[in-house]
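The values are calculated or read from the model by the stated rules, or taken from the named source; none is laboratory data. If you're wondering where the values come from, they're calculated on a predicted model, not measured in any experiment. Counting neighbours? That spans all protein chains shown, and the Cβs are built from the backbone with ideal geometry, glycine included. Ligands, DNA and RNA are excluded from the accessible area calculation, which covers all protein heavy atoms including side chains. Shrake-Rupley method; radii C 1.70, N 1.55, O 1.52, S 1.80 Å.
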Amino acid sequence: MKRILFLLGLTVCIASCDSKTDSTMTVSGNIKGLKKGTLYLQHFKDSTLAALDSLEIEGDGNFVFNQEVQSPEIFYLYLKKQDENDLNDRIIFFGEPGEITINTSWNTFDIDPEIFGSESQEKFEEFNTMISNFNIKELELMQLTQSDENGVEPISLDSVQKLIDRNIIARYRYMLNFGLTNANSHVTPYVLLTQANDANPKYLDSIYGTLSEEVAASKYGIALKTYLEK
């Protein structure tokens, strides 16, 4: 009986491996400390966040999803925990064909997850780190308008606003420079659409013109072209 079960399991495994193609994305990993919950693989389709697959987890935080991917794009891991808390429940990552590993913990699910195996994700994290630095700088500048505990007079609002404006300009310059220096990355059209869509269209159009044929023909490349045409 054990031999039959082993052979059946081996057959299923082989069939699963054979079903993979060059476009297959395998997302696997571990959610440390998770005893029970439902994990969903999601992405946006026609402006709606849709579930592509789901997995019931009980007693073991390991998971595996297989999904066909036409071109690199944003995916989400959504963890529906039975804790009456909707916070810390969704990880955003750039998926692409190949093996991607995501490790995290159940109680800090979306806080600094470890994501490996995606070149697009590495570029995405590089971009987000710099944008986060600009955002933190802006918050620090805004705090300069408030008196501290020692009674030090705050800097005038006009002076602070000039510094904030400079920081905003520097942030846009970084975004545009990122686009110009990463014409082969699928991250470029995505971040231009989501982070720099209010920049001067002529600059965005110039960056679009530098995109590689593959990126220009991708989901976000086409979306950027449509946005510019409008």
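Structural remarks
- Against the chain, whose longest principal axis is taken from its Cα atoms, helix 219-229 shows a tilt of about 40°.
- With protein chains left intact and a 1.4 Å probe, residues in the chain average 62 Å² of accessible area per residue.
- Sequence ranges 99-106, 70-77, ranked by mean other-Cβ count within 10 angstrom, highest first: 70-77, 99-106
- Too-long pairs where the Cα-Cα distance tops 28 Å, listed order kept, from K20/K219; K20/K225; K32/K137; K45/K80; K45/K123; K45/K225: K20/K225; K32/K137
- Note on the chain: Cα Rg divided by 2.2 N^0.38 Å, N the number of residues, gives 1.28.
- Across the chain, Cα pairs under 8 Å and at least six residues apart give a relative contact order of 15 percent.
- Charged-residue dipole, Cβ positions (Lys, Arg, Asp, Glu), the chain about Cα centre, Debye nearest 20: 420 debye
- Within the chain, antiparallel bridges make up roughly 80 percent of the DSSP beta bridges whose residues both belong there.
- Candidates K219, K45, K137: whichever shows maximal mean-square fluctuation once the chain is modelled as a Gaussian network with Cα springs under 10 Å: K45
- Compared with the direct C-alpha span, the chain from I131 to A51 gains 25.9 nm at full extension, assuming 0.36 nm per residue.
- Result for the chain in a Gaussian network model with C-alpha springs under 10 Å: among F44, F94, F63, the largest mean-square fluctuation is at F44.
- Put simply, the amide H of L52, placed in the peptide plane, has neighbours under 5 Å in L41, Q42, H43, leaving out anything fewer than 5 places away on its chain.
- Anisotropy class of segment 98-230 from Cα gyration tensor, a/c 1.5 cut: oblate
- Distance in nm between pseudo-label sites at S212 and L139 (7 Å out along the Cβ direction from Cα): 3.6 nm
- Residue (of G59, T101, Y78) at the positive-pole extreme of segment 26-135, dipole from beta-carbon charges: G59
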